[in-house]
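Taking it in order: structure first as structure tokens, then the write-up.
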Amino acid sequence: MAERDMARHLVDAVIADSPDHKRGTRPAHTIGIGVKGHFRASPVARDWCVAEHFCGREVEASVRFSNSSGSPVQHDGWSDARGMATRFHLSGGGATDLLAMTLREFFSATPEDFLAFAQAAIPRPVEPPRPWRKIADMLRLFPPLPDPYPGQRTSSVGGSMAYSGLHSASQLAAFDASFLGAPVSYARATYNAVHTFIVTAPDGTERYVRFFWQPAAGVEMVNPDLPPIDNYLQAELRDRIANWPVEFLLLMTVGEMGDPLTDPTKAWPLHRMRINMGTLCLTEVPDDQQAHCEQLAFNPGRLTDGIAMSDDPVLIARKAAYELSRELRGGAACPFDAV
Amino acid sequence: MSVRRRMNQLVPRRASLNDLVNSMSKSRLFGWLAGHVLVPYWARKTPVHKQPGGARATVQPGDNVQRMMNLILPLKDKTAVGRAKAAMAIASNLDEIYAGLDNVGTVHFARFVIIENNMCMISCYDGDFSNYIRDFVAQLGTVFDSVIALIEDGEAMIPTRDNIDTFINWVHDRDVYQIPDTATELLHYGTIGQPAVKSGEVADLRLIARALILQLHANPNALLGSGYRGYPGISAARIRDKMGFGW
């Protein structure tokens, strides 16, 4: 399938997963908040990657935290993936982006599989499981199916779990997603960039790596036994930043021969070597969220010299799909590969 | 009575039944039922293998450093006297232990812990398990002998230097099972003779919960995942080299 056609199918599929999606907004991660700050590379980062933002000079950064749903209705307290899209502003008006989420792996290894997954995950009416079904599950030593959240009428969980039951590649993501929960703060979650990138060291050595953001404040989730609160994450972040900068460490995991380099459904072992590439310090929530957040169009394929995409087919497809999505919603263009 | 009124009466009743069922799953009664009736029932109906202990064989460099060993060795004498003998077997051999650690050079840390009449040997080492034990027996054979003499089924191994392969297998059998880091791997540890989920069969991911329970039934002692590391992927030799300790 041609790249542009696939991009169109992907965007349509994501929009279909949110029947109440509002035209002109992001197809996914629709609700979010933009913040500003700066990134300072660690002293060793330049030894591993020649990209400008790893070479010592502090660079400005724009970050958008988000909930993953494409719905315009906010449900901060629901268990779901959260996004952290970061733009590093480079010299000469250039930029490079890093898109990450709280899930450690993706649901599909190819864009074609993702289309099938998205089709399966179209929300369907949901009702509380019948008590006898829960008892039967407990007798089978299965965790009972959870009740829907108060007011929840539809859910994609049943469809995505059924799909994962038949497609082993998506099982780990589906399983991990069922434990995600909701963070107490956007600043208290770990965000994984999921895909493999290739970084170039000063001596020309190329390494396969994956990035993730680790919160300096530590990770903390809300108590899942308490009723979910629909709207707290943005206010919490404003309060937090008004009092103290929010910091994240950018960690880079170095892959090894035998690690899945092009398959985002497979997380790398946790005991791979990881390098501290620098600290992101978030200091301001801009008043004009439209200009500094909603108009920004992040793209996992917006890279700079020293960082390249792997052959991960999902990453390649996301580059075109995100660009098409930007066009459809009228997001601000940001030239690729501009440095 | 209209259908709507009937429904209105039924809905609250169902909601309260739902609440009751939800609370039931966390009740002590259900906990007892699960532990004493359901687990034995499912363990008989879908028996699982006792899994081999220790870190799994792998060819990847990052998996071959900082491997975890957790031996649980039941003491023969389960009194304070027996525990004191075990403590003395270690305390009286400190020079041998430190010399062995320095000469072998692949150990990040090691410790001996007495837990409920078990001598536990816990270590984090680099490289192949067999070579690790082989190196230590060469360096610390007499210390192993003095400890193993206090352990159930240990005497047949003494002297360990003369029974090295048997001793390696004996140690491996007593190294605790390491639960996979990736939860979905549990789907592949099925009932004896068949995987938990057959090829082409729909997998209910909630089966992972039962698979874990049954694994822990068959393997009561377990390391949760392969361990957590502050400086992953780095060998003890590399740390010594980079720190300028003169090794």
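The values are calculated or read from the model by the stated rules, or taken from the named source; none is laboratory data. The structure displayed is predicted, hence computed values, not measured ones. Ideal geometry is used to build each Cβ from the backbone, glycine not excepted, and the neighbour counts take in all protein chains shown.
If we keep just the residues of region B:64-84 that are in contact with a strand residue (DSSP E or B) (Cβ under 8 Å, 6 or more places away or on another chain) and of a type in the set (Lys, Arg), which is surrounded by the most Cβ atoms within 10 Å (Cβ to Cβ)?
B:Arg67
Quick one: in region B:32-80, of everything that is of a type in the set (Ser, Thr, Tyr) and over 22 Å from the mean Cα position of the chain (by Cα), which residue is farthest from the other protein chains (Cβ to nearest Cβ)?
Step one: of region B:32-80, the residues of a type in the set (Ser, Thr, Tyr) are B:41, B:46, B:58, B:79.
In the following step, the residues that additionally are over 22 Å from the mean Cα position of the chain (by Cα) were identified as B:41, B:79.
Details: B:Tyr41: 9, B:Thr79: 38 Å.
Applying the filter and picking the extreme gives B:Thr79.
Against the definition (in contact (Cβ under 8 Å) with a residue 12 or more places away in the chain and buried (at least 19 other Cβ atoms within 10 Å of the Cβ)), how does A:Leu99 come out, yes or no?
yes
Given the residues A:Ser66, A:Ser79, A:Ser71, A:Ser91, which is the only one that is in contact with a strand residue (DSSP E or B) (Cβ under 7 Å, 6 or more places away or on another chain) and over 25 Å from A:Thr262 (Cα atoms)?
One residue alone meets the criteria, A:Ser66.
Those residues that are more than 7 Å from chain B (Cβ to nearest Cβ) and either in contact (Cβ under 8 Å) with a residue 40 or more places away in the chain or not in a helix (DSSP H, G or I) (or both), I need them from region A:148-164; list them, please.
Scanning region A:148-164 gives A:Pro148, A:Tyr149, A:Pro150, A:Gly151, A:Gln152, A:Arg153, A:Thr154, A:Ser155, A:Ser156, A:Ser160, A:Ala162, A:Tyr163.
Name the residue that is nearest to B:Arg111 (Cα to Cα), counting only residues in region B:143-174 that are touching an Asp or Glu at 6+ places or on another chain (Cβ under 7 Å) and assigned to a helix (DSSP H, G or I).
Result: B:Val143.
Would you confirm, using the coordinates I've provided, whether B:Val37 is exposed (fewer than 12 other Cβ atoms within 10 Å of the Cβ), of a type in the set (Val, Ile, Thr) and at pLDDT 95 or above?
For B:Val37, the condition - exposed (fewer than 12 other Cβ atoms within 10 Å of the Cβ), of a type in the set (Val, Ile, Thr) and at pLDDT 95 or above - is met.
Mind listing just one residue for me: the one in region B:5-28 that is within 7 Å of another protein chain (Cβ to nearest Cβ) and at pLDDT 85 or above and, of those, farthest from A:Lys134 (Cα to Cα)?
Looking at residues that are within 7 Å of another protein chain (Cβ to nearest Cβ) and at pLDDT 85 or above, I get B:Leu17.
Identify, please: which residue in region A:265-304 is charged (D, E, K, R), crowded, with 17+ Cβ neighbours inside 10 Å and outside any loop (DSSP other than H, G, I, E, B) and is, among those, nearest to the other protein chains (Cβ to nearest Cβ)?
A:Arg274
Hey, does region A:44-56 have a residue that's modelled with pLDDT of 95 or more and under 20 Å from A:Leu324 (Cα atoms)?
no
Kindly establish whether A:Ser18 is part of a loop (DSSP other than H, G, I, E, B) and within 21 Å of the chain's Cα centre (by Cα).
Yes: the conditions hold for A:Ser18.
Residues that are within 14 Å of another protein chain (Cβ to nearest Cβ) and of a type in the set (Ser, Thr, Tyr): does region A:173-189 have at least one? Can you show your working first?
Looking only at region A:173-189, we keep the residues that are within 14 Å of another protein chain (Cβ to nearest Cβ), and these are A:173-180.
From what is left, the residues that are of a type in the set (Ser, Thr, Tyr) are A:178.
Yes: one or more hits.
Restricting the search to region B:156-176, which residues are within 24 Å of the chain's Cα centre (by Cα) and of a type in the set (Asp, Glu)?
B:Asp165, B:Asp173, B:Asp175
Say whether the condition of being touching a Ser or Thr at 6+ places or on another chain (Cβ under 6 Å) and assigned to a helix (DSSP H, G or I) is met by at least one residue in region A:232-240.
yes
Within the set of pairs 6 or more residues apart or between chains, which connect a residue that is within 14 Å of chain B (Cβ to nearest Cβ) inside region A:103-129 to a residue that is of a type in the set (Ser, Thr, Tyr) and in a helix (DSSP H, G or I) with Cβ atoms less than 7 Å apart?
Pairs that qualify, where the first residue is within 14 Å of chain B (Cβ to nearest Cβ) and the partner is of a type in the set (Ser, Thr, Tyr) and in a helix (DSSP H, G or I), are A:Phe107/A:Ser170; A:Ala120/A:Ser160; A:Ala120/A:Tyr163.
Could you list, in sequence order, all residues of region B:86-96 that are crowded, with 16+ Cβ neighbours inside 10 Å and in contact with a strand residue (DSSP E or B) (Cβ under 8 Å, 6 or more places away or on another chain)?
B:Ala86, B:Ile90
Name, by its number, the condition in (1) in a loop (DSSP other than H, G, I, E, B); (2) in contact (Cβ under 8 Å) with a residue 60 or more places away in the chain; (3) aliphatic (A, V, I, L, M) that does not hold for A:Leu141.
Here A:Leu141 clears every test but (2).
Just to be sure before I move on: is A:Gln171 within 22 Å of the chain's Cα centre (by Cα) and either outside any helix (DSSP H, G or I) or not aliphatic (A, V, I, L, M) (or both) in the structure I sent?
For A:Gln171, the condition - within 22 Å of the chain's Cα centre (by Cα) and either outside any helix (DSSP H, G or I) or not aliphatic (A, V, I, L, M) (or both) - is met.
Taking the options A:Thr262, A:Thr253, name whichever one is among the β-branched types (Val, Ile, Thr), within 14 Å of another protein chain (Cβ to nearest Cβ) and either under 19 Å from the mean Cα position of the chain (by Cα) or not in a strand (DSSP E or B) (or both).
Details: A:Thr262 fails: within 14 Å of another protein chain (Cβ to nearest Cβ).
A:Thr253 is the lone residue from the list that is among the β-branched types (Val, Ile, Thr), within 14 Å of another protein chain (Cβ to nearest Cβ) and either under 19 Å from the mean Cα position of the chain (by Cα) or not in a strand (DSSP E or B) (or both).
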